[in-house]
Amino acid sequence: MSRRLILTRHAKSSWDSLALADHDRPLNKRGRKSAPAIGAWLRENEWLPDEVLSSTATRTRETWDRMGLQANKLCFHRALYHAEPADMLIELSGATGHTVLMLGHNPGISAFAERIVKHPPDHARFYDYPTCATTVVRFDMSDWSEIRWHSGEIEGFVIPRELQE
C-alpha cells in the first residue's frame, strides 16, 4: 500500500493593504491565475487529494478554493500557519487520506519538502519553492503514522510559470 502527499505553497498574495494582518492577506492577480493552473496540472496527472491539511491563512484558503479540486476531508489548522517542518510532520502523521494535500507557507514548506524526500527533483526552483510551487511525493507505507524524513519518492514538481507559458 502506498500514500501520496501533495505539498503546495500558497499562491502569490497581495500586499496592497498594509492595514491587513499577514494572516488575512488575500491572493493577488497572479495568485488567482496560478492556483487554477496547479489544480489543472494535478487533475491531468490524476493526483487528486482526498484530504486537505491547510494553514488557516486567507491566502491558503483562497489557493485551495481556486484550485478547483474536491476532497472528502478539509482541515484548516492554525498550527500550519508558518509551521516548522517538525510541526508539519506531526500534522501529517495524523492524516487518514490516501492522497493528502498540504497547503502552507515558506520557509517551512520548502524545508519540509527537502527533508521528506529521498532525492530532490532536478529543478532549479525546488529549494526556494516559489509561490504555488507544488511537489507530489509517493511513500511506500500503509498509514501516515509511519511517515519518516527522507522516505518519499518524487512523482512530480512544478511551478505555475511553467504551466502558464
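Rule-based calculations on the coordinates, nothing more; no lab input. Here the structure is a predicted model, which means the values were calculated and not measured. Methodologically, a virtual Cβ is constructed for each residue, glycine included, from the backbone with ideal geometry; neighbour enumeration extends over all protein chains shown.
Hydrodynamic analysis of the stretch 23-165 uses the Kirkwood radius over alpha carbon pairs. Inserted into Stokes-Einstein at 37 °C and 0.692 mPa s, it gives a translational diffusion coefficient of 216 µm²/s. Temperature 25 °C, viscosity 0.890 mPa s: under these conditions the Stokes-Einstein estimate for the stretch 16-88, based on its Kirkwood radius over C-alpha pairs, is 185 µm² per second. Computed packing ranks the peptides 79-85, 34-40, 100-106 as 100-106, 34-40, 79-85, most packed first, by mean other Cβ atoms within 10 Å. To the nearest ten degrees, helix 29-44 and the longest principal axis of the Cα atoms of the chain are 30 degrees apart.
Backbone amide hydrogens, once placed in the peptide plane, bring GLY152 within less than 5 Å of VAL117, LYS118, excluding anything fewer than 5 places away on its chain.
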